[in-house]
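Some notes on the structure that comes next.
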Amino acid sequence: MAALHTLWLGLALLGALGILQTQAEAQVSPQPNFQQDKFLGRWFISGFASNSSWLREKKEHLYVCKSVVGPMADGGLNFTNTFLRKDQCDTRTLLLQPAGTPGYYSYRSPRWGSTRAVWVVDTDYEDYALLYTSGSRDLGQDTHMAFLYSRAQTSRAEVKEKFTTFAKAQGFTEDTIVFLPQTGEQAASDPRPLDLDGPRCLLLLQDPSPGSSHHRLCPSALSCL
């Protein structure tokens, strides 16, 4: 009888955890009447918030990078990201599959075999976009990230404030919210060579697919953008 009671207690606890998780994800939803065709084109990843301690430790060595968003035949999105690596412009592609509601996508990692959800939560299409991703990576670690995408390399103060408010609403604290400098600014403030630790540009999912990259000579950091 005691064993049966323990079993029911465990099932109830799992159910409660499932409800909490569902409620947490329910707080994030894509922008109403999201228009994917207006979201396409060139963006700059200029800010992020993350529950990853590794990313927060590396934040001083990250900088703005370019992301060109294109359409896919299945209704998904192709994110082509360009950044400086070892004196070359490195280009990597991420393919997001449609997941039902416009503005809601999924990404399956070929490296880890895990699936992540991606929402375009808010955008005016011409100035900024707020994105949110959630899922698990290696060793089953749950990661949650918010991103600020800007049409210009430098975001306006009002946009930064909007992103900060959004990130805090998702449970991120002030110390986990980061606004990235431009490549030239970072090079001037950081004496280490840019290629010391490989790419120092934060990608949407930090997990480029094998074989989805190519390189070209980059005479200066800013020419990659």
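Things worth noting here:
- Number of positions in the range 165-181 that are open to solvent by 60 Å² or more (accessible area, probe 1.4 Å) and among the β-branched types (Val, Ile, Thr): 2
- For beta carbons closer than 6 Å, sequence separation of 6+ or different chains, a first residue in the range 41-65 that is over 11 Å from Gln182 (Cα atoms) and a second that is among the β-branched types (Val, Ile, Thr) and not in a helix (DSSP H, G or I), the qualifying pairs are Arg42/Val68; Phe48/Val178; Ala49/Ile177; Ser52/Thr143; Lys59/Val178.
- Members of the range 50-99 found to be at pLDDT below 90, open to solvent by less than 70 Å² (accessible area, probe 1.4 Å) and part of a loop (DSSP other than H, G, I, E, B), listed by number: Asn51, Ser52, Leu62, Val64
- Any hit, the range 102-110, residues being outside any strand (DSSP E or B), at negative phi and open to solvent by less than 10 Å² (accessible area, probe 1.4 Å): yes
- Residue selected from the range 135-164 under the condition polar (S, T, N, Q), open to solvent by 10 Å² or more (accessible area, probe 1.4 Å) and within 17 Å of the chain's Cα centre (by Cα), by the criterion modelled with the lowest pLDDT: Gln141
The values are calculated or read from the model by the stated rules, or taken from the named source; none is laboratory data. None of the values given here were measured: they were computed from a predicted structure. Cβ: placed from backbone, ideal geometry, glycine included. Neighbour counts: every protein chain shown. Just so you know, the surface numbers come from the protein's heavy atoms only, side chains and all, with ligands and any DNA or RNA stripped out. Shrake-Rupley method; radii C 1.70, N 1.55, O 1.52, S 1.80 Å.
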